[in-house]
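To keep things clear, I will list the structure first and then write my remarks on it.
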Amino acid sequence: MGRLAQPRFALSSNDAAYPACLRDLSDPPETLYVVGCSELLRPGLGVIGARRATPYGLESARRFAGWAAASGVTIVSGAAIGCDRAAGCAALEAGGRSVAVLGCGADIDYPTASADLLRQLRTSGAVVSEMPWGAPPTRWSFVRRNRIIAAFSAALLVVEAGLPSGTFTTADFALDIGRDVLAVPGSINHPESRGANRLIRQGATPITDVSELGQALEVAGLCLSAADDPLLASAPTDAIGRALLADPMRPDDLARALELDIVTVARRLGELEMRGIVVRTRDGRYAMQSASRARV
Amino acid sequence: MAQATVYAATIAGVEALPVEVQADVSSGLPGFGIVGLGDTAVLEARDRVRSAVRAAGFDFPNARVLVNLAPAPLRKHGTGFDLPIALAILTATRQIPAALTQSATAVGELALDGTVRPVAGTLAYALAAARSGHELIGPTATLGAACAVEGLACRSLDALQDLRRGALGSAPLCSSGTPAPNVPDLCEVSGHAAARRALEIAAAGGHNLLMVGPPGSGKTLLARRLPGILPALDERERLETALVHSVAGLDESAVLAGVRPFRAPHHTCSVAGLAGGGSPPWPGEMSLAHNGVLFLDELPEFSPSALQTLRQPMEDGSLTLVRAEGRVRYPARFTLIAAMNPCPCGYLGDPERPCRCADGAVRRYITRIGGPLMDRMDLVVRVDRIDPDLLIAARPGESSSKVRTRVLTTRDFAAGRGGLAASLGGAELLSACRMRKRTSAEFTRTARSQHFSGRAVTRTLRVARTIADLDGAIAVDSSHLAEAVGYRGLEAQWAG
């Protein structure tokens, strides 16, 4: 691995540049290792979620992180596979700013699947860690890392979480230091949504669209510039399109729910797939392609 | 000096080759020898024949007995030579009239008490006898199957003792009332609308089908019902398939009644078990599934080398084994139905149980099957576990006979158009689709934007052709293509 060209520095807790928000923690990191811009080390919107994400979770992460980033809010995330990475990518795609907090050294590309994202963040955002340069990832370091994500979040948005889930530790840290916890509600049927729904039952603010997110961010003390919802859905016309907009579904379930013949459903799905409007997920369900929500 | 010749046959592949059994009884030191490249079972005939002849009340000549099996260079296998050897010796010593065996092929194993026992491959022997214009002599138990061969006279011989009465039994009457074939019915499957549709398309077009789903979702249940919606075997197919079963020593009566075979080898099956092999060569599961269904459950668990042997028969409809003692050709034209879990733990995408597999592990599991074999799976369909509430509330599904009627109509339509879609390829397939310019332009655009491989295009077109056949449509239109796109393989989801 070559040496990184980007600016890198270590901030000890005595430094004037040491982020004030970290002092809210009961055990703030002694030293914070940073690659990238130091200006970004202010509270932003934390976006976290399951690694084994469903299309719905990825879609929510992209949508809300993309919108918040476009509105000038820094997106803080863990660069993990799944929702975290989707949030980071969406922030950069929207031309916004993003910070990744790692559980290994800030100069390590981990997870490897996020290497591209991390490279971009080191140039145009920031990658931080309390682990020294070159420290390998360990199991416990990720739980410790979560408290830093919480500290950097003026508000913490949980886009998708199953049960049990590592996102709960981050949410707990956030509550301990008085940060707002927001959650995207999921289907009551899907096991991968149970965690997020439970957070809402326990008092997290449900976020169902960007205006609600905007209000929640203002309450948390972040100022927003105006931005459009990039994925605002226009009303889809046919029943199958509408059903998929709500939830990814299997052809059998669609046919039963809509009381349609399987051949009709199969042909319509094939047509939508050919036009790139729906995609088949790895678990055999059909989901609305994110970019095409407005086109159905 | 006394000589006699009786006709027999030996099995090579699924064919019985005629063999002359020549007996020579001459003065000299008493002894009994068999020459002519027989295997151990043939050589052991000496002791069985001697005891059986005596037990039946005949004399075994106290002289030098030599039996030659001609043509001598041909290797001969099995115990079917017992009876012809005994008949040849009895004829040579004039204990039975030569006219009895003059134009007959005899086959049967002898017990020490003179009883004639059945041997595997009667149907092959019957065909060989019919080809040489002979009648077939054998035990009654095996002659039932031989009735399937037209124009063949059969005579039964259940014990050597019967020869002392001087006459053989006349041909047993063919059992015309065939037993009602017991094939599971589709109406026992509720739900699974998409998978049922895929099964119907597979039956109508002769396509191979891969079912992907968690354990206990009903993949095997569905697969077992495929033979019930396929058309019955026609005369030629019956004989071809029954021949393989007969040679393998399996009961061929269901096949002769027209039921397509359904073979479901376990995933520990070896290459030889699947393709055939051994010494003497023995047909494998692929050949036993000839004109029927080969069902491979847990596809990725089969050894890669066993899976690769599927490829040649799937192209050629037969496979040739080349061994030290020569080459044998076994027919193997089957519809492959395969089932697999979506991931190593089996629960990827299951609504109830979470999957514990890492992405890489799932990818490795799926790629174990290998591209060339995956390319031959025209239809890939997801089969999911049904919610218990729905299972209980669901009305029984459509019965096999109804689906079968549609399959028959579709196959007739396809035959009128130029043949089943599964066997089409290249330019032939394109012309069979008769797509309008706009449809084909649209499809080309999709194929490009969705990164279809060349094979994926062919498979989609084939399936679309069958879907159009099901609709009774001469031309494939965009709705047929749209449905076909949904049955594309797993590579679509695992690309990138």
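Each reported figure results from applying straightforward, stated rules to the coordinates on display, with no laboratory input. Note that the coordinates shown come from a computational prediction; the quantities given were computed from them, not determined experimentally. With ideal geometry, Cβ positions are generated from the backbone for all residues, glycine too; neighbour counts draw on all protein chains shown.
Let me confirm one metric for peptide B:192-199, namely the mean number of other chain beta-carbon atoms within 10 Å of its residues' beta-carbons.
Taking all residues of B:192-199 together, the mean is 5.
May I ask for the Kirkwood hydrodynamic radius of the protein assembly as shown, worked out over all distinct Cα pairs and given in angstroms to one decimal?
31.3
With θ set to phi - 60°, apply the Karplus curve 6.51 cos²θ - 1.76 cosθ + 1.60 along the range B:362-370 and write out the HN-Hα couplings as whole Hz, x wherever there is a Gly or Pro.
5, 4, 4, 4, 6, 6, 4, 6, x
Using the alpha-carbon atoms, what tilt in degrees (0 to 90, nearest 10) does helix B:235-247 show relative to the longest principal axis of chain B?
60
Would you mind putting B:43-49, A:161-167, B:470-476, A:11-17 in packing order, based on average other-beta-carbon counts within 10 Å, highest first? Can you show the working numbers first?
Working: B:43-49: 18.3, A:161-167: 20.1, B:470-476: 16.0, A:11-17: 11.6.
Ranked from most to least packed, the peptides come out as A:161-167, B:43-49, B:470-476, A:11-17.
Under a point-charge model restricted to the Cβ atoms of Lys and Arg (+1) and Asp and Glu (-1), what is the dipole moment magnitude of chain A relative to its Cα centre, in debye to the nearest 20? Each step should come with its number before you reach the end.
Working: 31 positive and 31 negative charges, 112 e Å.
In total the dipole reaches around 540 debye.
What's the magnitude of the charge dipole for the protein assembly as shown around its Cα centre, counting Lys and Arg as +1 and Asp and Glu as -1 at the beta-carbon? Answer in Debye, nearest 20.
The dipole of the protein assembly as shown has a size of about 960 debye.
With an 8 Å cut-off on Cα pairs and a minimum separation of 6 or more residues, tell me the relative contact order of chain B in percent. Write out the running numbers ahead of the final one.
Values: 994 pairs, mean separation 65.8, N = 496.
Normalised by residue count, the contact order of chain B is 13 percent.
Give the long-range amide H neighbours of A:Leu157: residues separated by 5 or more places, or on another chain, with amide H under 5 Å away, using H modelled in the peptide plane at 1.01 Å from N.
Amide H neighbours of A:Leu157: A:Gly46, A:Val47, A:Ile48, A:Leu182.
Which percent, to the nearest 5, of DSSP beta bridges fully inside the range B:210-352 are antiparallel?
Expressed as a percentage, antiparallel bridges in the range B:210-352 total about 45.
Under 5 Å between amide hydrogens, which residues at least 5 positions from B:Gly121 or on another chain qualify, with H placed 1.01 Å from N in the peptide plane?
For B:Gly121, whose amide H was placed from the backbone, the distant partners under 5 Å are B:Val247, B:Gly249.
What net charge do the residues around B:Ala70 carry, taking every other residue with its C-beta under 14 Å from that of B:Ala70, with Lys and Arg at +1 and Asp and Glu at -1?
0
Using the Karplus curve 6.51 cos²θ - 1.76 cosθ + 1.60 with θ = phi - 60°, what ³J(HN,Hα) values do you get for each residue of the range A:164-175, in whole Hz, with x for Gly and Pro?
Taking θ as phi minus 60°, the curve returns x, 8, x, 5, 5, 5, 4, 4, 5, 4, 4, 5 Hz for the range A:164-175.
What FRET efficiency do you get for A:Arg42 and A:Asn189 if R0 is 56 Å and r is their Cβ-Cβ distance, rounded to the nearest 0.05?
Values: r = 39 Å, r/R0 = 0.70.
Between A:Arg42 and A:Asn189 the formula returns 0.90.
What are the extents of the Cα atoms of the range A:116-269 along their three principal axes, listed from largest to smallest and rounded to whole Å?
If we take the Cα atoms of the range A:116-269, the spans are 60, 37, 37 Å.
Go ahead and run the numbers for FRET between B:Arg368 and A:Ala20, Cβ-Cβ distance against an R0 of 56 Å, rounding to 0.05.
0.55
Please list A:193-200, B:432-439, A:81-88, B:105-112 highest first by mean number of surrounding beta-carbon atoms within 10 Å per residue.
In decreasing order of mean packing, A:193-200, B:432-439, A:81-88, B:105-112 become A:81-88, B:105-112, A:193-200, B:432-439.
Relative contact order of chain A, please, whole-number percent, based on alpha carbon pairs below 8 angstrom and at least 6 residues apart.
The value is 16 percent.
So how far apart, in nm, are the two label points at B:His266 and A:Leu224 if each is 7 Å from Cα heading toward Cβ?
6.3
Report, in whole Å, the centroid distance computed from the Cα atoms of the range B:70-139 and the range A:10-32.
Comparing the Cα centres of the range B:70-139 and the range A:10-32, I get a distance of 98 Å.
Note down the relative contact order for the range A:1-63 as a percent, whole number, built from C-alpha pairs under 8 angstrom at least six residues apart.
Relative contact order here is 31 percent.
Sketch the reach of a paramagnetic label on B:Ser401 as a point 7 Å from Cα along Cα-to-Cβ, and name the residues of the range B:228-243 whose backbone nitrogen lies under 16 Å away.
Residues passing the 16 Å test: B:228-232.
Counting Lys +1, Arg +1, Asp -1, Glu -1, what net charge surrounds B:Asn208 among other residues with beta carbon under 9 Å of its beta carbon?
Details: positive: B:Arg376; negative: B:Asp378.
Residues close to B:Asn208 contribute a combined charge of 0.
Could you work out the equivalent-ellipsoid semi-axes for chain B, taking the square root of 5 times each eigenvalue of the Cα gyration tensor, largest first, in whole Å?
54, 22, 21
Taking a cut-off of 10 Å, what percent of all Cα-Cα pairs in the range B:251-290 are separated by more than that?
Result for the distance tail: 72 percent.
Which order do peptides A:143-149, A:271-277 fall in by mean Cβ count within 10 Å, highest first?
Working: A:143-149: 22.1, A:271-277: 19.7.
The peptides rank, most packed first, as A:143-149, A:271-277.
For the range B:273-360, just the Cα atoms, rotate onto the principal axes and tell me the three extents in Å, largest first.
Projected onto its principal axes, the Cα set of the range B:273-360 covers 54, 25, 19 Å.
For the range B:327-433, with the dipole built from +1 on Lys and Arg beta-carbon atoms and -1 on Asp and Glu ones, taken about the Cα centre, which of B:Val362, B:Leu430, B:Gly397 lies farthest toward the positive end?
In the range B:327-433, that residue is B:Leu430.
Considering only DSSP beta bridges where both residues belong to the protein assembly as shown, give the percentage that are antiparallel (nearest 5). Don't skip to the answer; put the middle values down first.
Numbers: 43 of 90 bridges.
Percent antiparallel among DSSP bridges in the protein assembly as shown is about 50.
Over the whole of A:275-288, what's the average partner chain Cβ count within 10 Å per residue? Rounded to a whole number, please. Walk me through the intermediate numbers first.
Details: counts 6, 3, 0, 0, 3, 7, 2, 13, 13, 13, 4, 1, 0, 0.
Rounded to a whole number, the mean comes out at 5.
With label points built 7 Å along Cα→Cβ from the Cα atoms of B:Leu17 and A:Asp209, find their separation and express it in nm.
Between B:Leu17 and A:Asp209, the label points sit 8.2 nm apart.
What list of ³J(HN,Hα) values in whole Hz, one per residue of the range A:56-73 in order, does the Karplus curve 6.51 cos²θ - 1.76 cosθ + 1.60 (θ = phi - 60°) give from phi, with Gly and Pro shown as x?
With coefficients 6.51, -1.76 and 1.60, one gets 5, x, 4, 4, 5, 4, 4, 5, 6, 5, x, 5, 5, 5, 5, 8, x, 8 Hz.
So how tilted is helix B:400-417 from the main axis of chain B? Cα-based, degrees 0 to 90, rounded to 10.
Compared with the principal axis, the helix lies near 90 degrees.
Near the amide H of B:Ala159, under 5 Å away, which other amide H atoms are found, from residues 5 or more places off or on another chain, if H is placed in the peptide plane?
Those lying under 5 Å, H to H, from B:Ala159 are B:Val116.
Along the charge dipole of the protein assembly as shown, pointing to its positive end and built from +1/-1 on Cβ of Lys, Arg, Asp and Glu, which listed residue (B:Val25, B:Pro231, B:Gln95) has its Cα farthest out?
B:Val25
What is the ratio of the Cα radius of gyration of the range A:101-205 to 2.2 N^0.38 Å, with N the residue count, to two decimals?
1.15
May I ask for the angle, rounded to the nearest 10°, between helix A:139-151 and the longest principal axis of chain A, with both axes built from Cα atoms and the value confined to 0 to 90°?
So the inclination is approximately 90 degrees.
As a test, work out the antiparallel percent of DSSP beta bridges whose residues both lie in chain A, rounded to the nearest 5.
Antiparallel: roughly 40 percent of the beta bridges in chain A.
Place a +1 charge on the Cβ of each Lys and Arg in the range B:272-416 and a -1 charge on the Cβ of each Asp and Glu, then give the dipole magnitude about the Cα centre in debye, rounded to the nearest 20.
Roughly 300 debye for the range B:272-416.
For A:Arg51, what is the net charge nearby, where nearby means another residue's Cβ is under 13 Å from its Cβ and Lys, Arg count +1, Asp, Glu -1? Show your work: numbers first, answer last.
Details: positive: A:Arg52, A:Arg85, B:Arg356; negative: A:Asp84, A:Glu160, A:Glu192, B:Asp359.
Within the 13 Å Cβ shell, the charges total -1.
Give me a single rounded figure for B:404-414: the average over its residues of other chain Cβ atoms within 10 Å of their Cβ. Mind dumping the intermediate values first?
On the way: counts 0, 0, 0, 0, 0, 0, 0, 0, 0, 0, 0.
Averaged over the peptide's residues, the number is 0.
Which of the three applies to the range B:294-424, rounded, prolate or oblate, going by the alpha-carbon gyration tensor with a ≥ b ≥ c and a/c under 1.5 meaning rounded?
Working: a/c = 2.49, a/b = 1.17, b/c = 2.12.
Judged from the Cα gyration tensor, the range B:294-424 comes out oblate (a/c at least 1.5, b/c at or above a/b).
Could you give the radius of gyration (one decimal) and Dmax (whole number) of the Cα atoms in chain A, in Å?
19.7, 69
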